[in-house]
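Q: Take a look at the following structure, please.
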Amino acid sequence: MNARITGTGGYLPEKIIHNKHFESSLETSDEWIYARTGIRKRHVIAAHESTASMAEMAANRALDAAGLDADEVDLIIVGTSSPDRVFPSTACILQDKLGISDCVAFDVQAACSGFIYALGIAHQFIKAGGAKKALIIGAEANSRILDYSDRSTCVIFGDGAGAVVLEATEEQGILSTHLHSDGQYKDLLYVNNPIKDQLEDGDKAYLTMHGNDVYKVAVKTLGRIVDETLDANGMVKSDVDWLIPHQANIRIISSVAKKLNMPMEKVVLTIENQGNTSSASIPLALDQAVRDGRIKKGHVVLMEAFGGGFVWGSALVKM
Ligand code: COA
């Protein structure tokens, strides 16, 4: 059994924070942020919203696009590192919001690679006959784990959610997925566990990042995964119609595009207006490019992500 993406959806909170906003409270500037990251602004969740409520908006849009009723879904996987609760999973909270009475529902915690991990797992489920209609989501309330006095992290991340419907089909849609991790880098990008910290040392559970070290490993690793993905499919660079990278830093994205000999017009970019939305960035970018007509049925799309762990992965998809 094969699997194909039959619908996409996205949601961004209404509130937008421009780079200029940070200039009054931090030693930073719009020029520095844009030159080093490619980011101009990011969306930030409202007090009444949550990771699950953003996931619900994105999921409903993806279900509409696929022409599916929520109760037809038999698998929900949410990639998130900013869940509403430690447990139950955001997937279970979403399941309740969508009114689905019985299905498999769980979260995947793979930092910025959360969506690619969720897609890879759902693909295996469908291939093995364990599911027929899956909702795969990346959703993050990053603003709730940021220290707004740390200029090296708070300017980078934004909030949002993206979703796809993945259905069992005769034709091949997901060509391959490739998942990796290497825990030796666990101290370069992390968020502490608030429960443990409350008990032990009272540290706040904020995102901590050694940006420059992360940058160097990300560039090397993502270059390698491009080769791995194409080789696994017997394809060459020119077979790829679109690159949808995790939106971490425009300089990282450009170096992967260069590796693929891909002009930047063929790279779906959202980073300027959304910042790094972690596991939401790839499904949000996919949704944007499908809805504005750039990505069409039959196009070959390479998605790749890298994040804290480190965890990284790719998916080669025929739309
Ligand atoms: N405004 C102004 N200066 C800043 C700043 C900001 N927002 N953030 C950091 N700086 C400063 C640093 O404090 C440092 O100052 P110093 O030289 O006086 O110590 C200087 O800029 C250079 O810092 P460095 O970390 O070497 O900068 P950089 O060129 O590597 O850019 C990042 C920083 C975070 C933009 C970049 O490293 C990056 O994007 N890394 C990857 C992050 C990533 O992808 N994370 C997510 C993975 S999923």
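The values are calculated or read from the model by the stated rules, or taken from the named source; none is laboratory data. Since the structure is predicted, the reported quantities are computational estimates derived from the model, not experimental observations. Please note: Cβ atoms are built from the backbone with ideal geometry, for glycine as well, and neighbour counts cover all protein chains shown. Accessible surface areas use protein heavy atoms only, side chains included; no ligands, DNA or RNA. Shrake-Rupley method; radii C 1.70, N 1.55, O 1.52, S 1.80 Å.
Q: K97 fails exactly one of the following numbered conditions: (1) within 18 Å of the chain's Cα centre (by Cα); (2) open to solvent by 10 Å² or more (accessible area, probe 1.4 Å); (3) of a type in the set (K, R). What is the number of that condition?
A: (1)
Q: Mind checking which residues of the range 100-127 are over 20 Å from the mean Cα position of the chain (by Cα) and either without any contact (Cβ under 8 Å) to a residue 40 or more places away in the chain or in the same structural domain as Q247 (by TED's automatic domain parsing) (or both)?
A: Listed by number, the residues that qualify are I100, S101, D102, C103, V104.
Q: Restricting the search to the range 95-109, which residues are touching a Ser or Thr at 6+ places or on another chain (Cβ under 9 Å), within 17 Å of S50 (Cβ to Cβ) and outside any loop (DSSP other than H, G, I, E, B)? Show your work before the answer.
A: If we filter the range 95-109 for residues that are touching a Ser or Thr at 6+ places or on another chain (Cβ under 9 Å), which is where we start, we get 95, 97, 105-109.
Now restrict to residues that are within 17 Å of S50 (Cβ to Cβ): 95, 97, 105, 107, 109.
Listed by number, the residues that qualify are Q95, K97, A105, D107.
Q: Residues of the range 264-319 being more than 16 Å from the ligand (Cβ to nearest atom) and of a type in the set (D, E, K, R), which ones?
A: Across the range 264-319, the qualifying residues are E265, K266, D287, R291, D292, R294, K296, K297, K318.
Q: Where in the range 1-84 are the helices (runs of 4 or more DSSP H), entirely inside, with at least 1 residues that are among the charged types (D, E, K, R), within 16 Å of the ligand (Cβ to nearest atom) and open to solvent by 60 Å² or more (accessible area, probe 1.4 Å)?
A: On the way: elements: 20-23, 30-37, 51-66.
The qualifying helices (runs of 4 or more DSSP H) are 20-23, 30-37.
Q: Examine the range 163-182 for a residue that is within 21 Å of S113 (Cα to Cα), touching a helix residue (DSSP H, G or I) at 6+ places or on another chain (Cβ under 8 Å) and among the hydroxyl-bearing types (S, T, Y), and state whether such a residue exists.
A: Yes, the range 163-182 contains a residue that is within 21 Å of S113 (Cα to Cα), touching a helix residue (DSSP H, G or I) at 6+ places or on another chain (Cβ under 8 Å) and among the hydroxyl-bearing types (S, T, Y).
Q: Yes or no: the range 153-164 includes at least one residue that is within 15 Å of the ligand (Cβ to nearest atom) and either of a type in the set (F, W, Y) or modelled with pLDDT under 95 (or both).
A: Taking every residue of the range 153-164 in turn, at least one turns out to be within 15 Å of the ligand (Cβ to nearest atom) and either of a type in the set (F, W, Y) or modelled with pLDDT under 95 (or both).
Q: Now for a different question. Just to be sure I understand, how many residues within the range 267-286 are under 15 Å from C154 (Cα atoms) and small (G, A, S)?
A: Count: 2.
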